[in-house]
Amino acid sequence: MSSCVAAVMLPVAAGAVLGGLVAALLPAPQPRPSTLASEGSVIELSEAYNSSGQQLFARLAAAPGDPRNIVVSPYSIGTAMALALSGARGGTETEMIRVLRHSLSREEVNSANAEALAILNQYGRSGSLFSKSSPTKLAVANAVMLTQQGGAISPDYLATAKANYAAEIFRNADIAAVNNWVSRRTEGKIDKILDKLDPTTVAVLLNAVYLKAPWREPFDKRLTRTASFAISPSQSVQVQMMHRDGLYPVVHEPGFSAIRIPYAAPQLSMVIVRPDQVDALPDVIGRLDGLALRGLFARLRRSAQRVDLGLPRFKTEFEVTLKDHFRALGMTQAFDGAKADFRGMAGGSGGVHIKDVMHKAVIEVAEEGTEAAAATAVHMIASGPAPFHVDRPFAFYMVEGTTNAILFQGRIVDPL
């Protein structure tokens, strides 16, 4: 079972100490009716979320001395950041589009999000495209939490958030309102996304994803038994290993093998990537960028083969602040109060910037299936006055406005 809050995508990854597991949810090759969405724009949106998500994941997995398990939601992070992007302009917009790997324009990203949201929220609904897989529950939600200073956010931006992201709009929100929304939208799996709001907080942009999906062929609990799991070349632990003999697509690549395990909903599956060497997972993750994963997922749509599958039960959660990671990837203006341009969010003034991007996700994999949740919060604060410190030699001009005459001018090299 899994849930996550953020503007993120539904691939969910789990790795690090789990010593060779990279799990991702991806659509199986089921054709989508063309009446539901612009196929091309939704796929381009997903590929952007996947690609930028792999950049972040590779950075998290490569952190030296960090042995933690990792679970993130590229879809949640991508959606939350798209909600922020919809208010960006100028160089800030250009930078965000580049780092977030979008091939679509800001307006196209907005409309593609509306189409993707309409598809994903059909799971489990009576009479919907996915009603045959009603045991599967998938819920995606967005919100804009306006604080007491939220009047700085323009009505046009709120209208865009509602129209394209089905965002719930809250006014005079406090930290309790933010965390209560996250808890409710993730079925209680994530009870808190932020510890506090900055005094200059204007708004918090939120995305939440919750998923509960049974396997197409559940594991028999009677076959689960204790087994060794290598967490390093010299250390192993005892885990509860689930077993099933069945037909699964498998791919062998230099340095790793991959298997696709389907859920009851034919559009959903989990991909497990197992490195050949116990300590090679960071290197494999670094190789699997968005393009490489797209090719791997395509190869995993081939015919299945008989496999004796052994998969450990696992449950993990992870939280991370993404500001420094986005800055390292080249997104700097959005976090700079003097340079950020969010005129599309704060009207003509544009006097807001991103304080931080918080992401939290949890996942539980057992014999019956998977439950997961994720949440992403983009913390928007008011920008302080732009600095203009005359701390070097300067020129001055005294101008009379009616005649435009320069009455005095000069150069100051040393004010003393």
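Quick note: the coordinates plus some simple rules give every number you see, no bench work behind them. All of these numbers come straight from a predicted model, not from anything done at the bench. For neighbour counting, all protein chains shown are included, and Cβ atoms are generated from backbone atoms with ideal geometry for every residue, glycine included.
With the cut-off at 1.5 for a/c, could you classify the stretch 189-239 from its C-alpha gyration tensor as rounded, prolate or oblate? Here the stretch 189-239 falls in the oblate category.
Counting other Cβ atoms within 10 Å, keep those with at most 14, restrict to DSSP loop, and tell me which chymotrypsin sites (Phe, Trp or Tyr not before Pro) in the stretch 306-371 are left.
Values: sites: PHE314, PHE318, PHE326, PHE335, PHE342; in loops: PHE342.
Loop-located and lightly packed - none at all.
R0 = 22 Å: FRET efficiency of HIS389 with ARG327, Cβ-based, nearest 0.05? Mind showing how you got there, number by number?
On the way: r = 23 Å, r/R0 = 1.06.
Efficiency, rounded to the nearest 0.05: 0.40.
Order these peptides, 369-382, 154-167, by their mean beta-carbon neighbour count within 10 angstrom, highest first. Let's see the in-between values first.
Numbers: 369-382: 27.7, 154-167: 17.1.
Ranking, from highest mean packing down: 369-382, 154-167.
Note on the stretch 56-128: percent of Cα-Cα distances in each 5 Å bin, starting at 0 and stopping at the bin with the largest distance, equals 3, 13, 21, 16, 14, 14, 10, 7, 2, 0.
Rounded to the nearest 20 debye, what is the charge dipole size of the stretch 134-193 about its Cα centre when +1 sits on each Lys and Arg Cβ and -1 on each Asp and Glu Cβ? Each step should come with its number before you reach the end.
Values: 7 positive and 5 negative charges, 36 e Å.
The calculation lands at about 180 debye.
The lysines within cross-link reach of LYS162, meaning a Cα-to-Cα straight distance under 24 Å and a gap of 8 or more places when in the same chain, are LYS137, LYS192, LYS355, LYS360. Largest first, the three principal axis extents of the alpha carbons in the stretch 2-388 are 64, 50, 36 Å in whole numbers.
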